[in-house]
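Below is one structure, written out as structure tokens, with a few remarks after it.
Since every read-out is calculated from the coordinates, none of them should be taken as a lab result. A quick note: this is a predicted structure, and the numbers were derived from the prediction, not measured. Quick reminder, even Gly has a Cβ in these numbers, built from the backbone with ideal geometry, and neighbours come from all protein chains shown.
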Amino acid sequence: MSQRILVVDDEQSMQDFLRLLLESAGYDVSVASSMKEGESRFRKGGIDLVLSDIIMPDGTGLELLRAIKELDARTSVIMMTAYASTKTAIEAMKLGAYDYVSKPFDVDELQLLVQKALEKTELVEENVYLRRELEEKYQFSNIVGRSPKMQEIFSLIERVARTSSTVMLQGESGTGKELIARAIHFASPRAERRFLSINCGALPETLLESELFGHEKGSFTGAFREKKGLFRDSHQGTLFLDEIGEMSPPMQVKLLRALQEKKVRKVGGTAEQAVDVRIITATNQDLAELIERGDFREDLYYRINVIPIQLPALRQRREDIPLLVDYFVKKHCDEMGIPPRQIETSAMRALEEHRWPGNVRELENMIERILALSTGDTITARDVPTHVLEGTHVRPGEVDLPDDGLNLEGYLDDIRAGLMRQALDRTAGVQTQAADLLGMSFRSFRYYAKKMGVTSGGRPVEQQEEQDT
Ligand SMILES: Nc1ncnc2c1ncn2[C@@H]1O[C@H](COP(=O)(O)OP(=O)(O)OP(=O)(O)O)[C@@H](O)[C@H]1O
Ligand SMILES: [Mg+2]
């Protein structure tokens, strides 16, 4: 569909001229010969760009501009003035006009202007669309967590979002650092501006510098074009510096300077530019240790560690696992266009007991994989990869005592159940042999197997008993 331009001018010859010019350039054109007529045509909708005269019998183009901006601030308006009056032109720009041209105008110039104004409208629309999509994706409600630890984090990030304070997210890989960083941005007054991110460990030092601070054209080989840099691109928005612990010491100095002065200077440039950027950093390293080793600057650490948020590993909040599993099962079933699958208790148990070195990301990938490979309506223990079923999970010395304590008996039961399951798998389900492997009597093995629903490869114990006896 071609784009529609509304021409508002009381002069018939001007209407005809513009209609001819714009239609031959492939646009649809509507015309109006007064301010009122222009406004009512605009209200009907479908207008992508307005070209308006300034002086008309029933009012000024500025009034029309104001009315249009109130109806839809995204529409570009170009003002046409019969004589170059800078005062009116400035007024028009202040009111949000895209640009102005003075009559008689240069046909090429006008065409170029029209083209650019339409491109801008498209871009704005696309941005609004993308932003909405992102906002939805990064709402707090999409961050799953019922555990006291996550609840605490939710309340903290809600409070933090209202400020512009620097936030430092610490946590193992896959614990949700980037997710939380985005949620903070989209819940903040900066949400309308950009959230940009960079992985500080992924680029060599010189490239990182020009990514962050920009460069002048020709400042180094390959700098064909001037670049503004992420700090300036995220002006009034949020800049997420991921893997901050990977930043080289010379870059740390430059970053510290930028944060202190709130100014940046391009590579190869001389002028400094003021920037207003909220910084969120993330790391899965122990920065204190890096400081000790002399790999991370202490002064930078204090500058970025204003509000530290420690994201717990998944194994420190196992009560969230069933919630996350449900969430990911639903999400991926929706994506695959299939009805949400149920998950059997035994399978859920195995997932709850796994150690999850890759945290939430690992859990999500595993759910996706299970859904893709399994066929039934229900996910059973058989669908769970063996290393998860077997690698039980809590080895002595690897247990993290949660802040809020744990139920030791239940915990030991879980360990027992995990080892019994492994023993059963190893003995192809023969309980007497499994009991031997664990130094248990057959009696007590059978007792616990029943009590805790321990199965081998997903088969209920009852069936195995029949085989054994
Ligand atoms: N609490 C949560 N609720 C829902 N999804 C989550 C949660 N935490 C993490 N995820 C999902 O897990 C994946 C990994 O999260 P994210 O990329 O934010 O982790 P990260 O800490 O930045 O990891 P890395 O250190 O590896 O960069 C993402 O797909 C994210 O959406
Ligand atoms: Mg990350």
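Observations
- Relative to the longest principal axis of the Cα atoms of the chain, the long axis of helix 148-161 makes an angle of roughly 10 degrees.
- The dipole here belongs to the chain: it is taken about the Cα centre, uses +1 on the Cβ of Lys and Arg and -1 on the Cβ of Asp and Glu, and is about 660 debye.
- Between helix 442-452 and the chain: long-axis angle, C-alpha atoms, 0 to 90°, nearest 10: 30
- Charge dipole (debye, nearest 20) of segment 221-297; +1 at Cβ of Lys and Arg, -1 at Cβ of Asp and Glu: 580
- FRET efficiency for residue 447 and residue 419, using Cβ-Cβ distance with R0 set to 25 Å, rounded to 0.05: 0.95
- Packing order of peptides 179-186, 290-297, 157-164, highest average first: 179-186, 157-164, 290-297 (average count of other Cβ atoms within 10 Å over each peptide's residues).
- Considering helices alone, the calculated mean residue ellipticity of the chain at 222 nm is -14500 deg cm²/dmol, with DSSP H runs of length four and up weighted by -39500 (n - 2.57) and normalised per residue.
- On the beta carbon distance between residue 285 and residue 106, with R0 = 41 Å, the FRET formula returns roughly 0.10.
- Cβ crowding within 10 Å averaged over residues, with 344-351, 24-31, 400-407 ranked highest first: 344-351, 24-31, 400-407
- Take the Cα of residue 19, step 7 Å toward its Cβ, do the same at residue 433, and the gap between the two points is 9.3 nm.
- Gain on full stretching of the segment that runs from residue 94 to residue 199 - 0.36 nm per residue minus C-alpha separation: 33.9 nm
- Counted by Cβ distance under 14 Å from residue 214, the other residues give a net charge of +3, where Lys and Arg count +1 and Asp and Glu count -1.
- Among 6-13, 276-283, 236-243, sorting by the average number of other beta carbon atoms lying within 10 angstrom of each residue, highest first, gives 276-283, 236-243, 6-13.
- Legend: residue pairs 227/263; 69/94; 44/103; 69/103; 69/120, Cα-Cα distance threshold 20 Å; pairs beyond threshold, 44/103; 69/103.
- Length-normalised contact order of the chain in % [C-alpha pairs under 8 Å, at least 6 apart]: 10
- On Cα atoms only, tilt of 12-24 relative to the major axis of the chain in degrees: 40
- Rounded if a/c under 1.5, otherwise prolate or oblate - segment 315-390, Cα gyration tensor axes: prolate
- Per-q log10 I(q)/I(0), segment 170-309, q = 0.11 Å⁻¹ (Debye; single scatterer per alpha-carbon; no solvent): -0.40
- A cut-off of 5 Å between modelled amide H atoms, ignoring neighbours fewer than 5 places along the same chain, links residue 76 with 50.
- Environment charge at residue 283 (Cβ cut-off 9 Å; Lys +1, Arg +1, Asp -1, Glu -1): -3
- Using only the C-alpha atoms, the convex hull of the chain corresponds to 207 Å³ per residue.
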